[in-house]
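To keep things clear, I will list the structure first and then write my remarks on it.
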Amino acid sequence: MNIAHFIYDHIRNPWLGGGGARRSHEINKRLVAAGHRVYVICGGFPRAEDCVEDGIHYFFCGHRARYSTSRIQYSLQCRSIFVPLCSKYSVDIVVDDTSAFSISMPWRVWNGPRIGIVHHVVGHHMMQKFMLLGHFFRWWEKFNLRHYKFLTVVSKGTESDVKALSPKSLCRLVANGIDDLAFAPSHEKRDSKILLYLGRIEIFNKGLDDLLKSFELACNAGSTLELHIAGGGKDEELLKKQIDELSIRNRIHWHGRVSEEEKYSLLHRAAFLCMPSRYEGWGIVAIEAAACGCPVLARDIPGLSEAVLDQQTGTLFAATDVHWHRLLLDPAWWDHFADQSALIEFAQRFTWESATEAFFNFLEEVKDEA
């Protein structure tokens, strides 16, 4: 099968490099290993060049120097890359990682079978983030989804949101996976003082402004915690500036982008992983944390409420709770997660092999029905 895949993000994109890009790469490289051909059209970023990685053919379009310009140009140019690619490689099916911020519209130039992948529905958060411009993004999100008869989602919460916007679409849940490396034994010792954030540095989406505020409140109330932040993204400089303005900035440790080995080292050392996201499709790092025996403190929102089992692999606090920092001051709450066996057992349910199998079965189903 020859598969063309539209996705703005890429695992090396310094502005994003998020879970969607990782999922795309992990599943696609396994499809290639099984004998299929995959051609991926991504947005440009510094030093991005057309290449083959793990057997996947990557084509980049758009501006390489600025995130906002890259987004816009990707939406304008991605179809012009696809059309000759489609003729040259005899594409059988098109996959599109849909996004409220990427107007790829493969349905304008392709009448064959296609599948849309939905990680999360941003919805009303558009207005909070973009004010009046948010109305356009919210309209586009709904308009675009209705051009897909077949959709895959990463969580039941996302599936519910998608069905509300596009009730006639057929949705198939294909969960994310994690690497076997997450389960490797570690000699790291758990440090009860480390609260960890690990993920994309995007302040509004990931709730990083709320994290800094809550951590400061916990420190002012007597907590001896240290906050470690690891990851990269378009809001790095802004977040660093916000940290510099805090009275407890000396208790915040910035790691930047980390390797896979460094990531798992941090997860084995941290007492808790914190995920105060305002919206999230799933949260792969929550499962990676569980595999490392690290419980998760997360906002109770669709997606995260499935990646974190409340009071088993972590704790979910209400989306409207402005005092969740009090959990950090409760010794009994910390002791509740001393047994790591439930966390590791839960994480073992999620593999990239099972995700690839489920996704390929859906590809064949859609291709045969078209």
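Values for this structure:
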read-out	value
Pair list, Cβ under 7 Å, 6 or more apart: region 350-363 residue in the same structural domain as residue 35 (by TED's automatic domain parsing) and among the small types (Gly, Ala, Ser), other residue modelled with pLDDT of 95 or more and in a helix (DSSP H, G or I)	355/27
Subset of region 300-322 that is hydroxyl-bearing (Ser, Thr, Tyr) and closer than 26 Å to residue 222 by Cβ - its residue that is modelled with the lowest pLDDT	320
Test: residue in region 257-270 that is farther than 30 Å from residue 174 by Cα and not β-branched (Val, Ile, Thr)	yes
Residues of region 157-167 satisfying the condition of being of a type in the set (D, E, K, R) and modelled with pLDDT under 90	161
Within region 7-44, tally of residues that are outside any helix (DSSP H, G or I), closer than 26 Å to residue 307 by Cα and in contact with a strand residue (DSSP E or B) (Cβ under 8 Å, 6 or more places away or on another chain)	5
Strands (runs of 3 or more DSSP E) enclosed by region 233-322 - at least 2 residues per element that are buried (at least 18 other Cβ atoms within 10 Å of the Cβ)	270-275, 296-299, 314-317
Members of region 299-318 found to be over 16 Å from residue 336 (Cα atoms) and in contact (Cβ under 8 Å) with a residue 24 or more places away in the chain, listed by number	299, 301, 302, 303, 304, 305, 306, 307
Residue in region 227-238 that is within 21 Å of residue 327 (Cα to Cα), modelled with pLDDT under 95 and either not assigned by TED's automatic domain parsing to the domain that holds residue 187 or not charged (D, E, K, R) (or both) present	no
Residues that are of a type outside the set (S, T, N, Q) and either free of Cβ contacts under 8 Å to residues at least 12 places away in the same chain or assigned to a helix (DSSP H, G or I) (or both), drawn from region 213-232	213, 215, 216, 217, 218, 219
Residues of region 323-343 classified as over 23 Å from residue 221 (Cα atoms) and surrounded by fewer than 21 Cβ atoms within 10 Å (Cβ to Cβ), total	5
Region 191-214, subset surrounded by fewer than 17 Cβ atoms within 10 Å (Cβ to Cβ) and among the basic types (Lys, Arg), residue modelled with the highest pLDDT	213
Check on residue 52, under 27 Å from residue 175 (Cβ atoms) and either not in a helix (DSSP H, G or I) or not assigned by TED's automatic domain parsing to the domain that holds residue 141 (or both)	no
For residue 344: the one exception among (1) farther than 22 Å from residue 177 by Cβ; (2) at pLDDT 90 or above	(1)
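This table checks each residue for (1) of a type outside the set (Phe, Trp, Tyr); (2) touching a helix residue (DSSP H, G or I) at 6+ places or on another chain (Cβ under 8 Å); (3) not assigned by TED's automatic domain parsing to the domain that holds residue 278.
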| site | (1), (2), (3) |
| --- | --- |
| 155 | yes, yes, yes |
| 158 | yes, no, yes |
| 167 | yes, no, yes |
| 171 | yes, yes, yes |
| 186 | yes, yes, no |
| 195 | yes, yes, no |
| 200 | yes, yes, no |
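Every residue, every condition in (1) basic (Lys, Arg); (2) more than 17 Å from the chain's Cα centre (by Cα); (3) assigned by TED's automatic domain parsing to the domain that holds residue 335, yes or no:
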residue: 251; (1), (2), (3): yes, yes, yes
residue: 255; (1), (2), (3): no, yes, yes
residue: 284; (1), (2), (3): no, no, yes
residue: 289; (1), (2), (3): no, no, yes
residue: 293; (1), (2), (3): no, yes, yes
residue: 305; (1), (2), (3): no, no, yes
residue: 308; (1), (2), (3): no, no, yes
residue: 312; (1), (2), (3): no, yes, yes
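The values are calculated or read from the model by the stated rules, or taken from the named source; none is laboratory data. What you see is a predicted model, and the numbers here were worked out from it, not measured in a lab. Because the Cβ atoms are built from the backbone with ideal geometry, glycine has one as well, and the counts that use them run over all protein chains shown.
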